[in-house]
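Please read the structure below before turning to the comments.
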Protein chains: 2
Amino acid sequence: VRTVAVPLGQRSYRIKIAPNLVARLGEECRRLKLGPRCAVLSDTHVARRFAKSALTSLKRAGFEPFLITVPAGEKSKSLVTVQHCHDKLAAHRLERGSFIVALGGGVVGDLAGFVAATHLRGIAYVQVPTTLLAQVDSSVGGKTGVNLKAGKNLVGAFHQPCLVLCDLDTLMMLPEREYRSGLAEVIKYGIIRDATLFRQLERNLPGILARDPKVLGPIIARCCAIKAKIVGRDEREGGLRAVLNFGHTIGHALETVSGYGRYLHGEAISIGQVAAVRLSEAALGFPAAQAQRTTELFQRAGLPVAAQLNLAARRSLFNAMQQDKKVRGGRVRFVLARRIGSALPGQEVADSLIHRVLEAILSRKP
Amino acid sequence: VRTVAVPLGQRSYRIKIAPNLVARLGEECRRLKLGPRCAVLSDTHVARRFAKSALTSLKRAGFEPFLITVPAGEKSKSLVTVQHCHDKLAAHRLERGSFIVALGGGVVGDLAGFVAATHLRGIAYVQVPTTLLAQVDSSVGGKTGVNLKAGKNLVGAFHQPCLVLCDLDTLMMLPEREYRSGLAEVIKYGIIRDATLFRQLERNLPGILARDPKVLGPIIARCCAIKAKIVGRDEREGGLRAVLNFGHTIGHALETVSGYGRYLHGEAISIGQVAAVRLSEAALGFPAAQAQRTTELFQRAGLPVAAQLNLAARRSLFNAMQQDKKVRGGRVRFVLARRIGSALPGQEVADSLIHRVLEAILSRKP
């Protein structure tokens, strides 16, 4: 079992990475000194495969779990679903010492985290991320939230989990497209903070694509460690933490205008990162040869690096970017990179340059 | 202008108590160094009287305010209304530096605070409480939230305001019943922490009922100071803060079973406090003569000290108490008092005693 610590004072917690962790959920939770009553929140797909194992393990450890399932997919990240979950928790009389287990991908984690943040003004929760994307990104760091029609994650709270269990076995079940989508966030860590990791990914891509646990374990742990360090220094996104959003300003907007669901999150931020690298070339002198390597790595991972949008869609994309949470004084602020391994948040870029890059990347056949 | 400081480190803020503060809202907000965009959230009743003055003042100070109104009444404390408010904020493109002004009573304050806590994972808000209840209680301390069918305030967050402005003029407009309801919380501070305040209330009740600002100013400031001190020592209700819930366990349950709206909050907790005093007599030796004085003070303030509920309603009331947020291990925990001026949280009481007291108080003609 690999363990990564997230250093946040009283709110510190551990991330564990290993096979077969769902079956050990109960004993892991027992160390947390929480009350017996708990809810396992999952989506219908994940619940079918893993809920029984999770519930059995919790019961064997002396807990009184019950299951809440929501439909799989981004649509469950809504205030309507939040209300549904709260009503269920109240019906089962969760108390302040009770906790929630988020068993699923990013949607379930963000939703369950937000419900935990707001039930009885905050109860504990444990993340059991079952997708690559959730294991390396959304399950760590305490960002929780749901979507509005106007944009993703516009409603939410900072609420740290008390434990994260990354079970490598769950990745074996992922559809190919979803698995590859997760690699977009893995590559992101290389670009923003770790040139060595980036080279490892270039070298070991076949093993990664084959989901070899021996290759994956250390890589997932490294991604979590990078995120843990950044979150530990900037829990509430005062500045530094924004580097984690490399590629996300354009990626989120692309998700919004193309309708949630056409692009998986990782696909959208793959395109967003390619765009951010282009902006970085023009604005911060990101080397052209490294730009080439990033595009190639995304492509080898089976991720899109361009999209074909008509003029109207490109215009509404620019508009959707204004809705980004990092906008200040009406100006969009980008995370850009100086080179592979070094990104900087808070960069303002001329509108003309943004338009030029969007034209280049979003009118091209992907 | 009387000023009370709430000491919470980086989250410290001031409560100001004076006439004519709504008209000075803009200049007060200017000192907070917030962004220009802001939303004034109010209910239709309060907005009719005060929104124009608030918006004018904000505009004159250079802000770009817009108004969101919700229907007056407890029904607006719902996740449906929360969604409505979030959609409005997103449509007006509030940014992380933007803020919300809660202009109204406890419903508006709790709702606006929760919306602020969860919009973009937390933006600033200013409380402008316009009822006595909100001025002495709900606007201070950062408890925000909305109701579920299963009970009051079951969904919420701790989120401190950055300023509280108690405009004494707004109290002049209150309907008599609502004003008297607020006195239940004022009397509570005397019972839980301040025998001197309690005697002042006994002595000055005529001036208080006449809403004389010279009498009210110091009393409201004293209530806020007591609450500020308690909140400063226990922001997230680890233990001490629970004393503020004196009378609320039974009071909240009474509100739930009688349908929101039959009793005003202050009326319900007036009955709840009389019940808590009775429990205190039996469990902690609260002096009978003082018990008599508390009942008399509530009565002189025009507040109910008993209710007539049928057997079925009394049973469901006992049930509703189990839903209280302070329940631990299925046991209800009461705040009880040893004497006027000294209350203790976390007291467990035998079910038989609870039933006896409820029988005595809730089957009597009020």
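The values are calculated or read from the model by the stated rules, or taken from the named source; none is laboratory data. The shown structure was predicted, so the numbers you read here are calculated from the model rather than taken from an experiment. Ideal geometry is used to build each Cβ from the backbone, glycine not excepted, and the neighbour counts take in all protein chains shown. Side chains included, ligands, DNA and RNA excluded: accessible areas come from the protein's heavy atoms. Shrake-Rupley method; radii C 1.70, N 1.55, O 1.52, S 1.80 Å.
What to note about this one:
- Under a 5 Å amide H cut-off, with hydrogens placed 1.01 Å from N, B:L309 pairs with B:S363, B:R364 among residues at least 5 apart or on other chains.
- Principal axis dimensions, largest first and in whole angstrom, of region B:105-217 by Cα: 48, 28, 24
- Inter-copy separations for B:L284, label at 7 Å along Cα-Cβ, nm, ascending: 5.8
- Annotation: Cα Rg of region B:15-76 relative to the compact-globule expectation 2.2 N^0.38 Å equals 1.15.
- Alpha carbon centroid spacing (whole Å) that separates region A:50-89 from region B:1-68: 41 Å
- Dipole of chain B, positive end: most advanced residue of B:F114, B:V4, B:I187 [Cβ charges, Cα centre]: B:V4
- Relative to the longest principal axis of the Cα atoms of chain A, the long axis of helix A:265-284 lies at roughly 40 degrees.
- Average beta-carbon neighbours from other chains, 10 Å sphere, peptide B:145-151: 4
- Convex hull of region A:241-317 built on C-alpha atoms - directionally averaged projected area, nm²: 5.6 nm²
- Helix B:176-193 axis, angle to chain B major axis (alpha carbon atoms, nearest 10°): 70 degrees
- Here region B:171-217 is assigned +1 on the Cβ of each Lys and Arg and -1 on the Cβ of each Asp and Glu. Its dipole about the Cα centre then comes out at about 80 debye.
- With its label point put 7 Å out from Cα toward Cβ, B:N319 sits 5.1 nm from the same residue's point in the other copies, in order from shortest.
- Summary of packing: across the peptides B:247-253, A:46-52, A:233-239, the per-residue average of other C-beta atoms within 10 Å ranks them, highest first, as B:247-253, A:46-52, A:233-239.
- For region A:236-249, 3J(HN,Hα) per residue [Karplus equation, 6.51 cos²θ - 1.76 cosθ + 1.60, θ = phi - 60°, Hz, x = Gly/Pro]: 10, 6, x, x, 3, 4, 4, 4, 5, 8, 3, x, 8, 4
- Angle of helix B:288-300 to the longest C-alpha principal axis of chain B, folded into 0 to 90 degrees and rounded to 10: 50°.
- Dipole of the protein assembly as shown [Lys/Arg +1, Asp/Glu -1 at C-beta], most positive-end residue of B:N319, A:L244, B:T196: B:T196
- Fraction of antiparallel bridges per DSSP, chain A only, in percent to nearest 5: 40 percent
- With Cα atoms as the point set, the radius of gyration and Dmax of region A:171-229 evaluate to 10.9, 30 Å.
- The same position B:G259 in the other copies lies at 4.4 nm from this copy, comparing label points 7 Å beyond Cα toward the beta-carbon, shortest first.
- The calculated pair-distance distribution of region A:214-366 uses every alpha carbon pair, bins of 5 angstrom beginning at 0, and gives 2, 9, 18, 23, 21, 16, 8, 3, 1, 0 percent.
- Helix-only CD estimate at 222 nm, as mean residue ellipticity for chain A, using -39500 (n - 2.57) per DSSP H run (n ≥ 4): -14000 deg cm²/dmol
- Computed over chain A, Cα set: Rg, Dmax in Å: 19.8, 61
- Taking the Cα centre of region A:129-182 as reference, the dipole from Cβ charges on Lys and Arg (+1) and Asp and Glu (-1) amounts to some 360 debye.
- Relative contact order computed over region B:251-366 (Cα-Cα under 8 Å; 6+ residues apart), in percent: 32 percent
- Calculated accessible area for the protein assembly as shown comes out at 37 Å² per residue, all protein chains present (probe 1.4 Å; ligands, DNA, RNA ignored).
- Accessible area that becomes buried as B packs against A, both chains, 1.4 Å probe, Å², nearest 100: 3200 Å²
- Per atom type, chain A shows carbon and sulfur on 50% of its accessible surface, probed at 1.4 Å.
- Note on region A:190-232: with charges restricted to the Cβ of Lys and Arg (+1) and Asp and Glu (-1), its dipole about the Cα centre is near 100 debye.
- With contacts taken as Cα pairs under 8 Å and at least 6 residues apart, chain A reaches a relative contact order of 15 percent.
- Extreme residue, positive dipole direction of region A:207-366, given options A:G207, A:A291, A:Y263 (C-beta unit charges): A:G207
- Radius of gyration (Cα atoms) of region A:152-256, expressed as a multiple of 2.2 N^0.38 Å: 1.14.
- Inverse of mean 1/r across different Cα pairs in region A:1-143, Kirkwood, Å: 15.0 Å
- Remark on B:L120: its backbone amide H falls under 5 Å from those of A:V155, A:G156, a criterion applied only to residues 5 or more positions apart or on other chains, H modelled at 1.01 Å from N.
- Using only alpha-carbon positions in the protein assembly as shown, the gyration tensor eigenvalues give semi-axes of 50, 30, 19 Å once each is multiplied by 5 and square-rooted (largest first).
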